[in-house]
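Asker: I'd like to ask you about the structure that follows.
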Amino acid sequence: MKFFFRGKSIEAKAEDTIAAALYRAGQRIFSRSFKYHRPRGLLCVSGNCPNCMMNVDGVPNVRTCITPVREGMKVKAQNAFPSLETDFLSVTQHFDRLMPVGWYYKTFTHPAMWHAVEPVIRKAAGLGEVLPTLPAKYEHSWMHTDTAVIGGGWAGIHAALAAAERGDQVVLIDDQPVLGGQLRYRKAAGELPAGAIARLQNAAGVKILQDSSCFGMYEGNLLGVLQRNPNEDTTERLIHLRARHTVVATGAYETPLIFPNNDFVGVMLSTGVQRLLHLYGVVTGKRAVVAGSPPDAEEVSADLRAAGAEIVVIVDPGQIVTALGSCKVEGIRTSTGSFSCDLIVVCGPRVPNAGLVAQAGGKLQWSDAHRAFLPADIPGNVSAAGDAAGDMQPNAASPLSRDKRAFVCLCSDVSGKDLCDGIAEGFDQIETLKRYTTATMGPCQGRMCQLPAIGVCAHETGRSVSDTGVTTSRPPNPSVTLGALAGSSHHLVRRTPMHYAHEELGAVWMDMGDWKRPRYYKRNTGAQEKECVVLEHKSVREGVGVIDVSTLGKLDVRGKDAAKLLDIVYTHRFSELRTNQVRYALMCDQGGIILDDGTISRLAEDRYFVTTTSGNLDFVHQWLQWWLIGTNWDVHICNVTAGYGAMNLAGPKSRDVLRKLTDCDLTSIAFPYMACREAKIAGIPALLLRIGFVGETGWEIHCPAESAEELWRALLDAGKKFDIQPFGVEAQRLLRLEKRHIIVGVDTDALTNPYEAGLGWAVKLDKKDFVGRALLSRAKEHQARESLVGFVLKGTGLPKDGAAVVVNGQPAGRVTSSRFSPIQKAAIGLAWVKVSEAREGTLIYVRVDEKLAPASVTMRPFYDPEGLRLRQ
Amino acid sequence: MSFLLACPNCGKRSVYEFRFGGEVKQAPAADAPEADWMDYRFNRANVAGVQTEWWFHRSGCGQWIQAVRNTVSNEVLESFLPGERG
């Protein structure tokens, strides 16, 4: 197999990880450190430390030591310029005096200064670069199980097997490609339990997820699991796993020793050496010094000797003075002498990987005997097993160092000296020390540095480790890519039944919630939005136009108590509405604030057809249901929005068009304004509402969704002779604004009551009771503070939505909607102003293009104020 | 937030299937002082502990239910249809 590293082709074996193949090919420096840009090489080889992070196929911060090689993948270094071997920014380490612990808190105290330097620091201290679009693909899935076992080592295998044999459904999560845990690379730890593995793999109800990490335990026994490369097309899959019982068998991980230059390339954990050797056949050095105590030191020495390496000496960790070399290991100085070598193998303390137990509500308690934090007070839905539970050999004492080149935290270059300085500055509690120095807060999330940081803190403050305590374990750990959390990028799109007819007509789309609606129709390729909207506007005002209004929320409310319910939740009186009549419907909450508006048509004594604004449908439906609770009323509410298509035919010639398609008498005497009829249009059963949002003679026509496109085409056909034009949302917004019809949520906000919005006529306070009555009856008597008024701009320009209104040099309100009106030949709009300004003809100033433009207030519609046209 | 909520109609479901509907509380009488109405409309008890609250099972049965929940631990002690508390 071959892949590319910095454009060069690298050979790899089938089971190789990227890091193993690179190491075999001679690469030693894998990254540059966060702050000082010191060269770093492989250390843990287990996906814990930050040293091997690279950019793989455009994805930054990939831990190459656990990422399998794929044919042709492109790998490059990050945070190094111009190359890993020569990084100009490594000069920063010589200025470490200028960058003490907490230096940016101390230095960049002024916001302006921070804003000036932030981009530079971000780049210098980068952890890779995020591309605006990634080639990676992510997905989510959901699973449920009786028992989840985290960890595929000896304990995990046997826990899973025991649960399966008891009859449980089991999911086993292992972060390695195959089961076996440390038995795969530590021959001294025992034989692989081949029999148990085979039984587990064949057991019923067992699902084994390899290459998968559990990154957190959440409420309700929810486990977050990240599965790498679950299939050909997917980079990562995030699994939401619910388990009745969780077994934490995550083992223990080895941590570094703290001594000067312990971050040199060539200092490697003993388990890292063993992994490279036994999993990938890579011998990590020719002449090795092993730092550690028995039995670990002897175990790894024997492994290396057997592989042909020379063991120069085995030293006790307490004897180490410093690693020697410039950035790569050339030797080691100890209290008994100096030794030349190309590899320092450190046998560090092992930390039970029990963060999940803490997240589940348990504790991590220091054990002097083990020299480790062990899980305690484990809640009932969780158990711990194996090394994670503390079932491991005790750690030897490990030395600490106050040297400025003895790195405790490799992720953000925090040394023993930095920790001591932080403590001297007063951050002597482990949680504040962590926040101040950022130790344990980097990509390793404390896996490498938590134990030594606690050790330094305990030592410097004279407290015991147990009293010093442990930093809180929080998910996610290990870190999760944002892409995996976001999942696949599915955008819900709702299309009306006439969608494709609009497309043929050249619709330019706009998004309204999930819906696609035509904003306007581009009639020829060169047409601009403005001229199209003017044409659409003109055809409605002078001829005939038709707009798709299928996105309106539509509810069928029926039952003998339907009138009672509508009387309660709407401000108007619907029990008195006669059959075949339509009425404007306004809904307020108990504070008298406008929630929604629409129309209600009474189709029969016990049947109403309710429309809502497009975005509020679900809310209104749930609101109606809520008010039914406990009433025992006979009311059924059905959401029929998707079942009906709807269009509004409007304009002085609309009757001429409709007459050609129906037998229904459309004269104003037989079918007056605010009436509704059920009739056949072009043979299609339809409900016709004679209402006029746009202010012209017109009908809102509702018909079964499956016939809506046919009806739309029939209207356009019949209207050809009258030069009918489809019109979009933009023209509709202009037309309604000329009529001063408000849009709830655009012209009103979360504090608007009907009196302020000029809708007081729709509130029937003489009704015995309805939602909002208590406060609305008071609002009517109180002087309102603000009022929604119309304005006509004098001069040119168009105010933006939200533009400020200024009176006498003081802020006095804001614009909610504004458009250029071809009827007024000026910009018109709606604005909130103080009640004192809400008089016909008052002069106000509106901000337009950073200047104040004079405008005059009007309380009447801009067009046909008497409403004669829609009654014609 | 990832706890499970037992819907009396649909059984234990992820809380993401529900819409939170606020604390269960008694509306003032129609002629109660304005201050009472303002309090009812705008103020919340916001207890750190057990409270009864409304939930709407949006992605399930489409019904309003009530649940008794500890707001600190997110433990749901009880859930029932309105007026049918056991």
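Asker: When the residues of segment A:102-145 are narrowed to those that are among the aromatic types (Phe, Trp, Tyr) and in contact with a strand residue (DSSP E or B) (Cβ under 6 Å, 6 or more places away or on another chain), which ends up surrounded by the most Cβ atoms within 10 Å (Cβ to Cβ)?
Answerer: Of segment A:102-145, the ones among the aromatic types (Phe, Trp, Tyr) are A:103-105, A:108, A:114, A:138, A:142.
Filter once more, keeping what is in contact with a strand residue (DSSP E or B) (Cβ under 6 Å, 6 or more places away or on another chain): A:138, A:142.
Details: A:TYR138: 20, A:TRP142: 11.
My answer is A:TYR138.
Asker: Do you know which residues across segment A:767-782 are touching a helix residue (DSSP H, G or I) at 6+ places or on another chain (Cβ under 8 Å) and either buried (at least 20 other Cβ atoms within 10 Å of the Cβ) or in the same structural domain as A:GLY841 (by TED's automatic domain parsing) (or both)?
Answerer: Taking segment A:767-782 and keeping what is touching a helix residue (DSSP H, G or I) at 6+ places or on another chain (Cβ under 8 Å), we get A:767, A:769-771, A:774-775, A:778, A:780.
If the condition is that a residue be touching a helix residue (DSSP H, G or I) at 6+ places or on another chain (Cβ under 8 Å) and either buried (at least 20 other Cβ atoms within 10 Å of the Cβ) or in the same structural domain as A:GLY841 (by TED's automatic domain parsing) (or both), then A:PHE770, A:VAL771, A:ALA774, A:LEU775 are the ones that fit.
Asker: Every residue in segment A:228-250 that is farther than 18 Å from A:THR147 by Cβ and either assigned to a loop (DSSP other than H, G, I, E, B) or touching a Ser or Thr at 6+ places or on another chain (Cβ under 8 Å) (or both), please. Before the answer, list the steps.
Answerer: Step one: of segment A:228-250, the residues farther than 18 Å from A:THR147 by Cβ are A:228-238.
A:ARG228, A:ASN229, A:GLU232, A:ASP233, A:GLU236, A:ARG237, A:LEU238, listed by residue number.
Asker: Determine if segment A:660-672 includes at least one residue that is farther than 17 Å from A:VAL544 by Cβ and touching a residue at least 40 places away in the same chain (Cβ under 8 Å).
Answerer: For segment A:660-672, residues farther than 17 Å from A:VAL544 by Cβ and touching a residue at least 40 places away in the same chain (Cβ under 8 Å): present.
Asker: So which strands (runs of 3 or more DSSP E) stay within segment A:763-826 end to end and still have 3 or more residues that are among the polar types (S, T, N, Q) and more than 14 Å from every other protein chain (Cβ to nearest Cβ)? Even if it seems obvious, please write down each step before you answer.
Answerer: Working: elements: A:786-793, A:804-807, A:810-821.
In segment A:763-826, A:810-821 are the strands (runs of 3 or more DSSP E) which contain 3 or more residues that are among the polar types (S, T, N, Q) and more than 14 Å from every other protein chain (Cβ to nearest Cβ).
Asker: Turning to a different aspect of this structure: In the set B:SER14, B:SER59, which member is within 12 Å of another protein chain (Cβ to nearest Cβ), polar (S, T, N, Q) and touching a helix residue (DSSP H, G or I) at 6+ places or on another chain (Cβ under 6 Å)?
Answerer: On the way: B:SER14 fails: touching a helix residue (DSSP H, G or I) at 6+ places or on another chain (Cβ under 6 Å).
Unique residue meeting the criteria: B:SER59.
Asker: Right, something else. Just to be sure I understand, how many residues within segment A:58-75 are at pLDDT 90 or above and surrounded by fewer than 17 Cβ atoms within 10 Å (Cβ to Cβ)?
Answerer: Residues in segment A:58-75 being at pLDDT 90 or above and surrounded by fewer than 17 Cβ atoms within 10 Å (Cβ to Cβ): 4 in total.
Each row is one residue, and each column tells you yes or no for (1) buried (at least 17 other Cβ atoms within 10 Å of the Cβ); (2) aromatic (Phe, Trp, Tyr); (3) touching a His at 6+ places or on another chain (Cβ under 9 Å).
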residue: A:GLY506; (1), (2), (3): no, no, no
residue: A:ASP514; (1), (2), (3): no, no, yes
residue: A:ARG517; (1), (2), (3): yes, no, yes
residue: A:TYR520; (1), (2), (3): yes, yes, no
residue: A:THR525; (1), (2), (3): no, no, no
residue: A:GLU529; (1), (2), (3): no, no, no
residue: A:CYS532; (1), (2), (3): yes, no, no
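Asker: On the phi < 0 side of the Ramachandran plot, aliphatic (A, V, I, L, M) and in contact with a Lys or Arg (Cβ under 6 Å, 6 or more places away or on another chain) - does that describe any residue in segment B:64-76?
Answerer: Taking segment B:64-76 and keeping what is on the phi < 0 side of the Ramachandran plot, we get B:64-73, B:75-76.
Among the residues that remain, those that are also aliphatic (A, V, I, L, M) are: B:65, B:67-68, B:72, B:76.
Add one more test, that the residue is in contact with a Lys or Arg (Cβ under 6 Å, 6 or more places away or on another chain), and what stays is B:76.
Within segment B:64-76, one or more residues are on the phi < 0 side of the Ramachandran plot, aliphatic (A, V, I, L, M) and in contact with a Lys or Arg (Cβ under 6 Å, 6 or more places away or on another chain).
Asker: Then there is this: Which condition breaks for B:GLY22 when tested against (1) small (Gly, Ala, Ser); (2) closer than 26 Å to A:CYS588 by Cβ; (3) within 9 Å of another protein chain (Cβ to nearest Cβ)?
Answerer: The number of the failed condition is (3).
Asker: Let me ask something additional. What pairs can you find where one residue is in segment A:57-75 and polar (S, T, N, Q), the other is in a strand (DSSP E or B), and their Cβ atoms are less than 6 Å apart, with a gap of 6+ or different chains?
Answerer: Qualifying pairs under 6 Å: A:ASN61/A:MET53; A:THR64/A:MET54; A:THR67/A:THR17.
Asker: Let me ask something else. Go through segment A:832-850 and count every residue that is in a strand (DSSP E or B) and either under 21 Å from A:VAL694 (Cβ atoms) or without any contact (Cβ under 8 Å) to a residue 40 or more places away in the chain (or both). Let's see the steps before the verdict.
Answerer: The first filter runs over segment A:832-850 and keeps only residues in a strand (DSSP E or B), leaving A:832-834, A:843-848.
Those still in the list that are either under 21 Å from A:VAL694 (Cβ atoms) or without any contact (Cβ under 8 Å) to a residue 40 or more places away in the chain (or both) too: A:843.
Of the residues in segment A:832-850, 1 are in a strand (DSSP E or B) and either under 21 Å from A:VAL694 (Cβ atoms) or without any contact (Cβ under 8 Å) to a residue 40 or more places away in the chain (or both).
Asker: Quick one: in segment A:580-593, of everything that is part of a strand (DSSP E or B) and more than 14 Å from chain B (Cβ to nearest Cβ), which residue is surrounded by the most Cβ atoms within 10 Å (Cβ to Cβ)?
Answerer: A:MET587
Asker: Applying the selection to segment A:469-523, what residues are on the phi > 0 side of the Ramachandran plot and modelled with pLDDT of 95 or more? Walk me through it before giving the result.
Answerer: Going residue by residue through segment A:469-523, those that are on the phi > 0 side of the Ramachandran plot are A:469, A:487, A:506, A:513.
Across segment A:469-523, the qualifying residue is only A:GLY506.
Asker: Could I ask something else about it? Can you list residue pairs whose Cβ atoms sit under 9 Å apart, with the first residue in segment B:9-26 being under 18 Å from B:ASN46 (Cα atoms) and the second being among the aliphatic types (A, V, I, L, M) and surrounded by fewer than 15 Cβ atoms within 10 Å (Cβ to Cβ)? Count only pairs 6 or more apart in sequence or on different chains.
Answerer: B:GLU23/B:ALA45; B:GLU23/B:VAL47; B:LYS25/B:ALA45
Asker: Out of contact with any helix residue (DSSP H, G or I) (no Cβ under 6 Å at 6 or more places or on another chain) and either outside any helix (DSSP H, G or I) or closer than 25 Å to A:GLN359 by Cβ (or both): which single residue out of A:SER473, A:SER488 fits that description?
Answerer: Being out of contact with any helix residue (DSSP H, G or I) (no Cβ under 6 Å at 6 or more places or on another chain) and either outside any helix (DSSP H, G or I) or closer than 25 Å to A:GLN359 by Cβ (or both) holds for just one of A:SER473, A:SER488, which is A:SER488.
Asker: While we're looking at this one, here's another question. Would you be able to say whether some residue in segment A:808-824 is within 26 Å of A:LEU535 (Cβ to Cβ), without any contact (Cβ under 8 Å) to a residue 12 or more places away in the chain and either assigned by TED's automatic domain parsing to the domain that holds A:GLY695 or basic (Lys, Arg) (or both)?
Answerer: no
Asker: Provide a single number: the residues in segment A:507-535 that are in a loop (DSSP other than H, G, I, E, B), touching a strand residue (DSSP E or B) at 6+ places or on another chain (Cβ under 8 Å) and more than 19 Å from A:ARG494 (Cα to Cα).
Answerer: Number satisfying all stated conditions: 1.
Asker: Of (1) in contact with an Asp or Glu (Cβ under 9 Å, 6 or more places away or on another chain); (2) under 29 Å from A:SER213 (Cβ atoms); (3) outside any strand (DSSP E or B), A:VAL351 satisfies all except one. Which?
Answerer: Unmet condition: (3).
Asker: Just to be sure I understand, how many residues within segment A:632-660 are among the aliphatic types (A, V, I, L, M), part of a loop (DSSP other than H, G, I, E, B) and crowded, with 21+ Cβ neighbours inside 10 Å? Outline the logic, then answer.
Answerer: Applying the first criterion (among the aliphatic types (A, V, I, L, M)) to segment A:632-660 yields A:635, A:637, A:640, A:642, A:646-647, A:649-650, A:657-658.
Next, from what is left, pick out any that are part of a loop (DSSP other than H, G, I, E, B): A:635, A:640, A:642.
Still in the list and also crowded, with 21+ Cβ neighbours inside 10 Å: A:635.
Adding up the residues that qualify gives 1.
Asker: Additional query: So which of A:LEU603, A:LEU624, A:LEU628 ends up being within 14 Å of chain B (Cβ to nearest Cβ), in contact with a strand residue (DSSP E or B) (Cβ under 6 Å, 6 or more places away or on another chain), of a type in the set (A, V, I, L, M, F, W, C) and in contact (Cβ under 8 Å) with a residue 60 or more places away in the chain? Write out each step before concluding.
Answerer: Details: A:LEU603 fails: within 14 Å of chain B (Cβ to nearest Cβ); A:LEU628 fails: in contact with a strand residue (DSSP E or B) (Cβ under 6 Å, 6 or more places away or on another chain).
Answer to the check: A:LEU624.
Residues checked against (1) more than 19 Å from A:ILE258 (Cβ to Cβ); (2) hydrophobic (A, V, I, L, M, F, W, C); (3) touching a residue at least 12 places away in the same chain (Cβ under 8 Å); (4) buried (at least 16 other Cβ atoms within 10 Å of the Cβ):
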site	(1), (2), (3), (4)
A:GLU310	yes, no, yes, no
A:CYS327	no, yes, yes, yes
A:THR336	yes, no, yes, no
A:SER340	yes, no, yes, no
A:ALA354	yes, yes, yes, yes
A:ALA358	yes, yes, yes, yes
A:GLY362	yes, no, yes, yes
A:ALA376	yes, yes, yes, yes
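Asker: Hey, among the residues in segment A:184-218 that are of a type in the set (A, V, I, L, M), under 39 Å from the mean Cα position of the chain (by Cα) and assigned to a helix (DSSP H, G or I), which one's nearest to the other protein chains (Cβ to nearest Cβ)? So that I can check it myself, show each step before the final result.
Answerer: Of all residues in segment A:184-218, those of a type in the set (A, V, I, L, M) come to A:188-189, A:192, A:194, A:196-198, A:200, A:203-204, A:206, A:208-209, A:217.
Imposing the further condition that a residue be under 39 Å from the mean Cα position of the chain (by Cα) reduces the set to A:197, A:200, A:203-204, A:206, A:208-209, A:217.
The next check asks that each one be assigned to a helix (DSSP H, G or I); those that pass are A:197, A:200.
On the way: A:ILE197: 32, A:LEU200: 29 Å.
So, considering only residues that are of a type in the set (A, V, I, L, M), under 39 Å from the mean Cα position of the chain (by Cα) and assigned to a helix (DSSP H, G or I), the one nearest to the other protein chains (Cβ to nearest Cβ) is A:LEU200.
Asker: Working only within segment A:55-101, note down all residues that are assigned to a strand (DSSP E or B), on the phi < 0 side of the Ramachandran plot and either in contact with a strand residue (DSSP E or B) (Cβ under 9 Å, 6 or more places away or on another chain) or among the charged types (D, E, K, R) (or both). Full working, then the answer.
Answerer: The initial filter retains those residues of segment A:55-101 that are assigned to a strand (DSSP E or B), namely A:55-56, A:59-63, A:68, A:74-76, A:82, A:87.
After this cut, where a residue has to be on the phi < 0 side of the Ramachandran plot as well, the list is A:55-56, A:59-60, A:62-63, A:68, A:74-76, A:82, A:87.
Those that are assigned to a strand (DSSP E or B), on the phi < 0 side of the Ramachandran plot and either in contact with a strand residue (DSSP E or B) (Cβ under 9 Å, 6 or more places away or on another chain) or among the charged types (D, E, K, R) (or both): A:ASN55, A:VAL56, A:VAL59, A:PRO60, A:VAL62, A:ARG63, A:PRO68, A:LYS74, A:VAL75, A:LYS76, A:ASP87.
The values are calculated or read from the model by the stated rules, or taken from the named source; none is laboratory data. Computed from a predicted model, the values in this text were never measured in an experiment. Heads up, the Cβs are rebuilt from the backbone with ideal geometry, glycines too, and the neighbour counts pull from every protein chain shown.
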